[in-house]
1. Could you line up 96, 31 from fewest to most neighbouring Cβ atoms inside 10 Å?
2. Once both labels are modelled 7 Å past Cα along the beta-carbon direction, what's the residue 73-residue 163 spacing in nm?
3. Which order, highest average first, do 129-141, 173-185, 72-84 follow once you tally other Cβ atoms within 10 Å for each residue and take the mean per peptide?
4. With labels modelled as points extended 7 Å from the Cα through the Cβ direction, what inter-label distance (nm, one decimal) is found for residue 117 paired with residue 150?
5. Quick one: grab the alpha carbon gyration tensor of the range 129-178, order the square roots of its eigenvalues as a ≥ b ≥ c, and give me rounded if a/c is under 1.5, else prolate or oblate depending on whether a/b is larger than b/c.
6. If R₀ is 35 angstrom, what is the calculated FRET efficiency for the pair residue 100 and residue 174, using the beta carbon separation as r and rounding to 0.05?
7. List the trypsin sites (Lys or Arg not before Pro) within the range 88-161 that DSSP assigns to loop and that have no more than 13 neighbouring Cβ atoms inside 10 Å.
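Every number here is computed from the coordinates shown, using simple stated rules; none is lab data. Since this is a predicted model, take the numbers as computed values, not measurements. Methodologically, a virtual Cβ is constructed for each residue, glycine included, from the backbone with ideal geometry; neighbour enumeration extends over all protein chains shown.
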Amino acid sequence: MKHSLLFLSSVTMAIFLLLSPSANAELVPEYQMKAAYLYNFATLTTWPVGSNHSSDKKLQTQNSVKICVLGNDSFGGALQQLTKNSSGSVQITLSYLADMNNAQDCQILFIEVSALDNPAEMLRKLEKMPVLTVTDNLDLFNAGAMIGLFLDNKRLAFDVNYAQAKNAQLSISSKLLRVARKVTQ
């Protein structure tokens, strides 16, 4: 319970970073919430030494995490706002990819499935690389993405394919795993 509250407070903090000072008490749009979740995934994941700018001798959370969006950008500026306002333990950089050519340079890759001819093949190419793959498409998650973001009774929830993340030598914090809707071993 304590860890769930910690995660939820982290998500809330990320949402406040995304919202302008004039924001009112309206519901937070879905993709602003997804951007906040991506921020928390960045702070609660560690990458292996030598991968994507890591320089320490063991697994650690990065000081700077590159989030890439492959496919259509449905975030509507929420990710750009996150990069401007990120503070604390992780600085976020952002990149939009037209294809898979530079996906290995990302720490987190959000995959919008409509832009891909063969998403399952793309996931096979990335499966051993230390890239945290995230999608909001159930078929792509079932094909091997590491984290799936889904609406569940009008609330955003996420599932984790822990086996895929471990196969790519990523370490996902137990804090994150405890608040996941479902964890696949």
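1. Ranking 96, 31 by Cβ neighbours within 10 Å, fewest first, gives 96, 31.
2. Distance between label points: 3.6 nm.
3. Ranking the peptides 129-141, 173-185, 72-84 by packing returns 129-141, 72-84, 173-185.
4. Each label point is offset 7 Å from its Cα along the Cβ direction, giving 2.9 nm.
5. Since a/c reaches 1.5 but b/c is at least a/b, the shape of the range 129-178 is classed as oblate.
6. The pair residue 100/residue 174 has a calculated efficiency of 0.65.
7. Filter output for the range 88-161: 128, 154.
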